[in-house]
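Structure record follows, encoded as structure tokens.
The values are calculated or read from the model by the stated rules, or taken from the named source; none is laboratory data. Because the structure is predicted, anything quoted here is derived from the model rather than measured. Cβ coordinates were reconstructed from backbone atoms using ideal geometry, including for glycine residues, and neighbour counts include every protein chain displayed. Each accessible area value is taken on the protein alone, full model and side chains, heavy atoms only, with ligands, DNA and RNA left out. Shrake-Rupley method; radii C 1.70, N 1.55, O 1.52, S 1.80 Å.
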Amino acid sequence: MIDEATLRRAAVTGEALRPLDGDHNGDDDGAARGDGNGGALVVTGGLLRELFRRDPQDLDPRGLTLEGVRVEGGLDLRGMQVPFPLRFVGCAFDRPLDLDGAELHALVLDGCDVPGILANGLRVRRDLDLSRSRVRGDLWTSASTSCSAAVWLCESEIGGRLLCVDTVIDGAVRAVQADRMRVGGTIRLLHGFEARGGIRLIGADVAGSLDLTGARLMNGLTLGDATIGGSVFVIADQTGRRPLIRGRLDLGNARIAGQLLIRDADLEPAGAVTGTGYSSRRRAGTAVSAPGLVVNGDVSIEGECRIGGGVDLSMGTYSTIRIHEGTAIAAGGERALDLTNAELRSSLVLAEGVAVEGTLRLAGAHIRGDLVLRSTRWSRPEGRTLVAAQGSTIDGNVDLRRVETRGGRIIFRSATIGTALDAHGARLCDPGHEALSLRQAMVRGSVLLAGGFTAEGSVLLDRAVIEGRLDCAGGTFGDLTGVSATARGGMDLHWATAPDSVDLTGAITTVLADDPATWPRRSAIAGFVYDRFDGSWDWRTRRDWLRGMEPFDAGPYEQAARVYRQHGRPVEAERLLMEQRRHARQARPPGARTPGRLLRDLRDVLYGVTVGYGYRPGRTLWLLGALLALVGTLVAIPAAQATLRATDPRGNVYAVDGRLVTVDETKQAADASATRSRAAPRPGPCGDGQVRCFDPVFYTIDTVVPLISLGQRAVWYPETRTTAGRVTSALLNVASVLGWLLSTVVVLSFARLARPA
């Protein structure tokens, strides 16, 4: 048992007080003999308290050092001021240390066995060192009414560092509770540090860093509302000991001035806290819960990290978030990485090879740099969404090159992308559902779904605005939908294989680059507006392209014809419009063959054959010419001419070779145009001027083109009392009707073409 004199002598000289090895050698060098109990020194806590109450002016500034001492009766320093360092090395305490409200210069418990520490309101000018010690206990204080802890440091102030190197703290519920603790230096929980219970540092203010190198926390770490002036390190030590946080790493509303670095760590989530106290209503599968976290530096997850739950960084502010190769995040059916409404001053980067089970949520997030997901693998989403970026703003690129997804979709609905979205070589697998959605998105660059891009599912671009081009060259799609989409830089639709369906209803672009033969039959392009083709201008190819679409729509024909006309190809434009009319007739829904419908079909066929629906009036001229030739041949035949008759005003009847019937003799007219002496017994073919002479050419024109009158058809008519006369009359009447129809069509067609398009 150490007496007061021995203890005071050690304090005055500043030498360590330790057990002797062997017999006492007679030199009083600050060591003391044990009490026969295995060489261990025993000191009472009351004796230490009395020593500390004395005037410290005659004590050595190096303080009191006890090595291998067993402290009995408890060390009670409540409210005391100890202005010199206290060092306990390899000591054992039989009762908890009670340091509530104490003011110490420095306290070292190195390699000690301590049954708990009560130190709420403790003030330590320098370091608080618990290295290599084992602290165990189940202590209750008024600082908490819901649970116990082995170490209590609430509202404490440590001017230097809090050191826990190779320390083991064993608490029934919590290992350490240090709410609103202030540390002027660094908190170092290093190497063999192990907390068998939760660590709670809510509202802590740490001027330095929080170093968890190689630490193992068996029931989580809570840093809610804490302020870290340096960085937070959760990394493996030099021996390869991996840090382990079993439970939740809670950083909600914390502020970290430096970086958050997690390397070669294992993070295993636990369920929500339940019991008689306050319970957490956050998701049970969250490994890192940090809503509202502010990190001025980077958030970096490096090495072979194994994160067995979600990482919640929602509503926070960060510089750059990087998840390096070798990291695996397993939060199947949950949110693997939640950045809802977060702000990144730079980029979010997931390195190639990162495998994620769960969902990346970016709804409402603002990323001022790039979103890089290149060559990452995604599966087992929350709901059916693997990447949920609706309403997000990404000032840079979205890099989805060679991304692989399975069983979920990627959504950028109503998002704003500052440059391009590049998905070269991506493989998105969600058959029967959406694979990629850019509905109502604004992309200020291009959307590149090319170079081996594969979507087993739908790609939705409805009402998206793409300032660059939509590039689908070499891509493979299930369904491609772009209703009312706009691609101001053009659309390259040279996909590798025809999609199941394409819907570009109401879409707008400038240049349409495609292979018309690879469009699927289930294509809808009504209202699809483009300025020119980049590729095939062959009108037959475009005709086949338009005819292959179901159901029939007249609008695409007119759009294609407009493009041909605007680029100086009016003939091809007219041919397409004629094909439109033919297709319209053929595409009429099946129904009863009523006389009215048959008549309309016949009229449409005749209109198409004769004048090409008004676009080929020259065909009518050829038909008119042919009809003129036929009628001219008819009236040139002597047998037909023999049936023609003409009658003058007095009733005399004439044939083409002279008068046949004379009603009265010719009398001398006042102008002496016909006198008995000048009139022949049989007047000539024109009745000596009494009727208009027959002219086969003018008669033919007057018959076939009834829109004008040459005075032939009205004078000469077939005599119908004979069979030849009746046949000639019928043929001429038919020719007149056909001529009238053809002439009328020519006039109407020219009038239609004269109207502006």
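Observations on the model:
- Estimated 222 nm signal from helices in the chain, with DSSP H stretches of n ≥ 4 weighted -39500 (n - 2.57), rounded to 500: -6000 deg cm²/dmol
- Subtracting the Cα-Cα distance of R62 and R522 from 0.36 nm times their residue separation leaves 156.7 nm of extension gain.
- With K and R counted +1 and D and E -1, the other residues having a Cβ less than 10 Å from that of L512 yield a net charge of -3.
- Directionally averaged projected area (convex hull, Cα atoms, the range 465-543), nm²: 4.6 nm²
- Among the helices of the chain, those built from whole DSSP H runs whose Cα atoms reach 15 Å or more along their own axis and whose mean Kyte-Doolittle hydropathy is at least 0.5 are 618-636, 723-754.
- Spatial extent of the range 86-154: Rg and Dmax, with the Cα atoms as the point set, Å: 11.7, 33
- √(5λ) per eigenvalue of the Cα gyration tensor, the range 124-212, largest first, Å: 19, 16, 10
- Taking a sphere under 11 Å around the Cβ of A215 and counting the other residues whose Cβ falls inside, with K and R at +1 and D and E at -1, yields a net charge of 0.
- E550/D695 FRET efficiency (R0 51 Å; Cβ-Cβ; nearest 0.05): 0.30
- Each residue of the range 343-357 was assigned a 3J(HN,Hα) from its phi angle through the Karplus expression (A = 6.51, B = -1.76, C = 1.60, θ = phi - 60°), giving 10, 10, 6, 10, 10, 10, 10, 10, 5, 4, x, 5, 10, 10, 10 Hz with x at Gly and Pro.
- Surface per residue (accessible, 1.4 Å probe) for the range 93-167, Å²: 36 Å²
- Shown here: Rg and Dmax of the Cα atoms in Å, derived from the displayed model; of the candidates [x] 26.5, 89; [y] 28.4, 96; [z] 51.3, 192, it corresponds to [z].
- Length gained on full extension, A328 to T633: 100.4 nm, using 0.36 nm per residue less the C-alpha separation.
- Extension gain, V734 back to V12 (0.36 nm per residue minus Cα-Cα distance, nm): 245.6 nm
- Other residues lying with their Cβ under 15 Å from the Cβ of V483 contribute a combined charge of -1, Lys and Arg counting +1, Asp and Glu -1.
- Here is the list for the range 312-354: GluC sites (Glu not before Pro) lying in DSSP coil, each with at most 15 other C-beta atoms within 10 angstrom of its C-beta, are E325, E352.
- Averaging over all projection directions, the Cα-based convex hull of the range 375-417 occupies 3.0 nm² in the image plane.
- Gyration tensor (alpha-carbon) shape descriptor, the range 359-465, a/c threshold 1.5: rounded
- Pairwise centroid distance, computed over Cα atoms, of the range 404-445 with the range 208-268, Å: 34 Å
- Distance from the range 511-529 to the range 77-153 (C-alpha centre basis), Å: 77 Å
- Portion, in percent, of the accessible area of the range 95-214 that falls on carbon or sulfur, probe 1.4 Å: 44 percent
- Magnitude of the charge dipole, the range 143-279, Cβ model with Lys/Arg +1 and Asp/Glu -1, debye to 20: 80 debye
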